[in-house]
Number of protein chains: 2
Amino acid sequence: MKNPKSNFSEWYTEVIQEAGLADIRYNVKGFLAHMPWSVRTMKNMYCILEDELERKGHEPVWFPALVPESYFKKEAEHAEGFSADVFWVTEGGRESSKLSERLALRPTSETAMYSIFSLWIRTWRDLPFKTYQSCQVWRFEGKSTRPFIRGREFYWTEAHDVFATQKEAEKQVEEDMEITGNVLKQFAIPFIFFKRPEHDKFKGAVSTYAADSIMPDGKIIQLPSTHFLGQNFSKAFNIKFVDKEGKEQYAWQTCYGSAVWRIFGALVAIHGDDNGLILPPSIAPLLVIIIPIYFKGSDEKVLEKSNSIKKLLESTGIHAKVDDRAEHTPGWKYNYWELKGVPIRIEIGPMDIEKKQLVLVRRDTREKITIKESELVDKVCKLSEEIQNNLSRRAEKSFREHISEADDMTKLTRILKEKGGLVKVEWCGSVECADYIKAETIGGDIRGVPLGKEEKAKGNCIWCGKKASQVVYVSKAY
Amino acid sequence: MKNPKSNFSEWYTEVIQEAGLADIRYNVKGFLAHMPWSVRTMKNMYCILEDELERKGHEPVWFPALVPESYFKKEAEHAEGFSADVFWVTEGGRESSKLSERLALRPTSETAMYSIFSLWIRTWRDLPFKTYQSCQVWRFEGKSTRPFIRGREFYWTEAHDVFATQKEAEKQVEEDMEITGNVLKQFAIPFIFFKRPEHDKFKGAVSTYAADSIMPDGKIIQLPSTHFLGQNFSKAFNIKFVDKEGKEQYAWQTCYGSAVWRIFGALVAIHGDDNGLILPPSIAPLLVIIIPIYFKGSDEKVLEKSNSIKKLLESTGIHAKVDDRAEHTPGWKYNYWELKGVPIRIEIGPMDIEKKQLVLVRRDTREKITIKESELVDKVCKLSEEIQNNLSRRAEKSFREHISEADDMTKLTRILKEKGGLVKVEWCGSVECADYIKAETIGGDIRGVPLGKEEKAKGNCIWCGKKASQVVYVSKAY
């Protein structure tokens, strides 16, 4: 790595390339060629997320990537909100003939799914109906794109739930927060779950909630979000059910979006250091990399020991690999695997074999630990847990250090400029004030009220000085 | 089920709907809304396929779904061959403005990947390079579409491999056959791997090999296929490497496509019976369904026992579920789960509890087996294996019964009309004769020569009567 992490923007671009995560040279703006190391990690992340969704009663479905324009436009506010994001398929076949109806490449799947939900849901017995799909979505982003942060193609999971009552749907929002918490915890990513202000809702939703985390440059990144849709979509798509009394009613809905692709970007940014990536053991494609260190004449013995160590680890379910490439020095290999963020390195030389010991190096602190060979499995498991916890602690500490408070615009502007993060302010609730705050701070958005931790406003709006109605957080965001 | 399996076409349509596999009412031709039961099964199938590919040294990648027209057209024969299949994205953004270049929705990913492979592959050290991605592809099919058999959107896995020598690439074709064999075996699907005739190759390939299985109506279904690309694409996409002697060379390539979506269709068709789906235990979302049978006053005890049986099974890694719905009778539930093809049913009534016994019903033969409760786990495991083997045997038997031989056109035509399947004939190798054979038999295609089991032609071409050069198989195909 040429760039220290303190040059965050350059560091991020460099680590994506040097750690072999993705290639940005695919010739369409905002589209990436994803390399094995990131795909393996994201597949592990997908497993964790899908397991959690299924544990909470969601079942997997696969809906089409193309949405007919007539479906897409059924919910007016949603269609208006997403229209700028759509790639349109207009032609097909040998003569590239015009299609009779334009097809939207899904920017999100509400309109594809709900047209069919209306056929599937008949009576109260079909409810609650909880479903998810993991897929790609495409958005014609105007803003500048960034690997794993903002793209025109990205990988996510969307859950779509239907209920008989408003109360159940509202409870789902809390469950979605729980899901988000359980999942992000395994990725060692701290966050606050906000209720977004009215002017920043998902288009078509009654209310929107989202998890915000903080990037090393102090900017916020929005991670999973969930939306209480009320009956807006059920009315537009005619999703009705017959209740226990035999009366037909419109259903209540929620939707939840969790982009593994973007969470991966946050994770790269939050945990990495000057030497490259640091992957949490919970999702690293490899937990242990074994580097044989040859001294004259010892090659065979060292390689043999390395392989038997690998076998032993794998027999307990630990992913391990021996880097036995002859063309590189041990030092080169240390750098290579540090860059890729493998949590634990084992160095094995002839002296270690003689002394029946092993040298373990943890990636997070780069600390060296010499252990007895007989303790290996036990030590690796403990170290793995320790690294996971240490990454959580470190991330949490940095997150907390980026939370501040401001009671006047000068202070707010200064904090956002100097260290970023989330700044607590009081606000009157008007969109005009939000706009002025954004202009004055050059990009400071009102992220909303922390769900379940609402504070009562006591003073005045930081912009207009009138009586404040809410305590909210302001930040600049990706 | 209203239709017996002997009315195959109607039966197939009915089982897709009644077993809750997919909804065909999505308003775009050839696109399906996939329901949880099929998605769960296909996810299990994906695991088996991806594990096998990774065991053979393939690493996962994710490439864009959109391919710029300039990439798409680089290999002339390939572009020509696939041009009729393409959906084109031509517009995007708020004003639906025309894009500067049309983007193809990938019908297959060679052109997306190889443009980037040319940047990744530099020296012999980068080879062999073996990679795969699981994704959707889209093809603007003119032919009539059918769920899980022919669609405009389907789910597959494609492997793309690059080698330093022709020999290694040719060996990959054999490995692909091995992969196919190992995977289809777990799905209990018999097949023959054919080398396709020249006129039926993948567009851009030097040679094409494909696994053919036989559907219950005697028509053939093509399952995984693999293509030896030679240097056709490496020359078009400039994929070069520096060899050990420091000389620059074009690489040798293969690509392999395995559509889980289509294999699922074949599996539904091949294993099912008059009562619906029969899923092989290796991939069934549930291995065991437990039906509590209540008699007056026994409800609680029976339900409790059912749940404890489920827990016991799950503790050994077996997927089991209790159908405790109060609104349905046991008989209704038997039908419901038979339709869905769950391999083993357990019936539990108060008498069984008293006698410490359980009634097991296997889905494949519908045979009832009474066992001691204490033997449960052992019996379920054995039964699962037995069902898996029985499905393989049954399918294999039916497959073999559909293989015939013909030495004149009358016989060939009659066999293809009456029972279908694969018919062995001798052929001179000319495309004209292939065309005549197809016309005369109303659709009989030459599927090619069985790989590794070539027979020497002894007689004359079944059409023109000139000396035959190959022993090939003819069939009608989906």
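The values are calculated or read from the model by the stated rules, or taken from the named source; none is laboratory data. These figures come from a predicted structure and were not determined experimentally. Note that each Cβ is placed from the backbone with ideal geometry, even for glycine, and that neighbours are counted across all protein chains shown. Surface accessibility is based on the protein's heavy atoms, side chains included, excluding ligands, DNA and RNA. Shrake-Rupley method; radii C 1.70, N 1.55, O 1.52, S 1.80 Å.
Okay, here's what the table says:
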quantity	calculated
Extension reserve of the A:Gln249-A:Thr370 stretch, reckoned as 0.36 nm per residue once the Cα distance is removed	36.8 nm
Using θ = phi - 60° and Karplus 6.51 cos²θ - 1.76 cosθ + 1.60, couplings along segment B:8-16 (whole Hz; Gly, Pro as x)	4, 4, 5, 4, 4, 4, 5, 5, 4
Exposure ranking of A:Ser100, A:Ser144, A:Ser392 by accessible area [1.4 Å probe, largest first]	A:Ser100, A:Ser144, A:Ser392
Accessible-area value, A:Trp120, 1.4 Å probe, nucleic acids and ligands omitted, Å²	40
Interface residues, segment B:61-85 - accessible area loss of 20 Å² or more versus chain alone, probe 1.4 Å	B:Val61, B:Trp62, B:Phe63, B:Pro64, B:Ala65, B:Leu66, B:Pro68, B:Tyr71, B:Glu80, B:Ser83, B:Ala84
Nearest-first distances (nm) between copies at A:Gly20, label 7 Å from Cα via Cβ	4.3
Members of A:Lys43/A:Lys310; A:Lys171/B:Lys296; B:Lys56/B:Lys167; A:Lys244/B:Lys333; B:Lys185/B:Lys310 lying beyond 26 Å, as alpha-carbon distances in this model show	A:Lys171/B:Lys296; B:Lys185/B:Lys310
Label spacing, shortest first and in nm, from B:Lys98 to its equivalents in the remaining copies (7 angstrom along Cα→Cβ)	1.3
Shielding by partners, peptide A:35-41 (average Cβ within 10 angstrom, other chains)	4
Within the accessible area of segment B:228-370 (1.4 Å probe), percent carbon and sulfur	49
Centroid-to-centroid separation of segment A:331-362 and segment A:121-169 [C-alpha atoms, Å]	43
Whole-Å distance, taken between Cα centres, linking segment A:422-478 and segment A:201-215	15
Label point distance in nm, B:Ala477-A:Lys355, each placed 7 Å from Cα along Cα→Cβ	6.5
For segment B:329-334, 3J(HN,Hα) per residue [Karplus equation, 6.51 cos²θ - 1.76 cosθ + 1.60, θ = phi - 60°, Hz, x = Gly/Pro]	7, x, x, 4, 5, 4
Rounded FRET efficiency, nearest 0.05, which uses the C-beta distance separating B:Ala76 from B:Glu440 and R0 of 25 Å	0.15
With DNA, RNA and ligands ignored, accessible area of A:Asp408 (1.4 Å probe; Å², nearest 10)	70
Placed amide H near A:Ser469: partners under 5 Å, 5+ positions off or other chain	A:Trp427, A:Cys428, A:Gly429
For A:Leu99, residues with placed amide H under 5 Å, excluding near neighbours	A:Glu91, A:Gly92
Gyration tensor verdict on the protein assembly as shown (Cα atoms; rounded if a/c is under 1.5, prolate if a/b is larger than b/c, oblate otherwise)	rounded
Inter-label distance for B:Asn390 and A:Ser96, nm, one decimal - labels placed 7 Å from Cα along Cα-to-Cβ	5.7
Computed E for B:Val377/A:Lys167 - FRET, C-beta separation, R0 45 angstrom, nearest 0.05	0.60
Potential extension, A:Trp332-A:Lys2 segment - 0.36 nm per residue separation minus Cα distance	117.3 nm
Residue-level accessible surface for B:Glu375, protein heavy atoms, 1.4 Å, Å²	60
For A:Ile214, distant residues with modelled amide H under 5 Å away	A:Ile221
Packing-based order for B:296-304, A:423-431, B:164-172, A:34-42, using average beta carbon neighbours within 10 Å, highest first	A:34-42, A:423-431, B:164-172, B:296-304
For chain B, share of DSSP beta bridges that run antiparallel, in % to the nearest 5	80
At R0 = 22 Å, FRET efficiency that the Cβ-Cβ distance of A:Lys419 and A:Glu455 yields, to 0.05	0.50
Kirkwood Rh, Cα atoms: Rg over Rh of segment A:150-294	1.12
Summed buried accessible area for A+B [probe radius 1.4 Å, Å², rounded to 100]	5500
Using θ = phi - 60° and Karplus 6.51 cos²θ - 1.76 cosθ + 1.60, couplings along segment A:418-424 (whole Hz; Gly, Pro as x)	7, 10, x, x, 9, 10, 7
Segment A:237-331: relative contact order as a whole-number percent, Cα under 8 Å and 6+ apart	20
Separation of the B:Glu401 and A:Glu69 label points, Cα + 7 Å toward Cβ, nm	5.3
Formal net charge of residues neighbouring A:Thr208 (Cβ-Cβ distance under 10 Å; K, R +1; D, E -1)	+2
Contour minus Cα-Cα distance for B:Asp274 and B:Glu300 (0.36 nm per residue)	5.9 nm
Segment A:22-96: Rg to Rh, with Rh as the Kirkwood radius over Cα pairs	1.07
Degrees between helix B:110-120 axis and first principal axis of chain B (Cα, 0 to 90, nearest 10)	70
Å² per residue, accessible surface of chain A at 1.4 Å	42
Angstrom value of the Kirkwood radius, inverse mean 1/r, which spans all Cα pairs in chain B	24.7
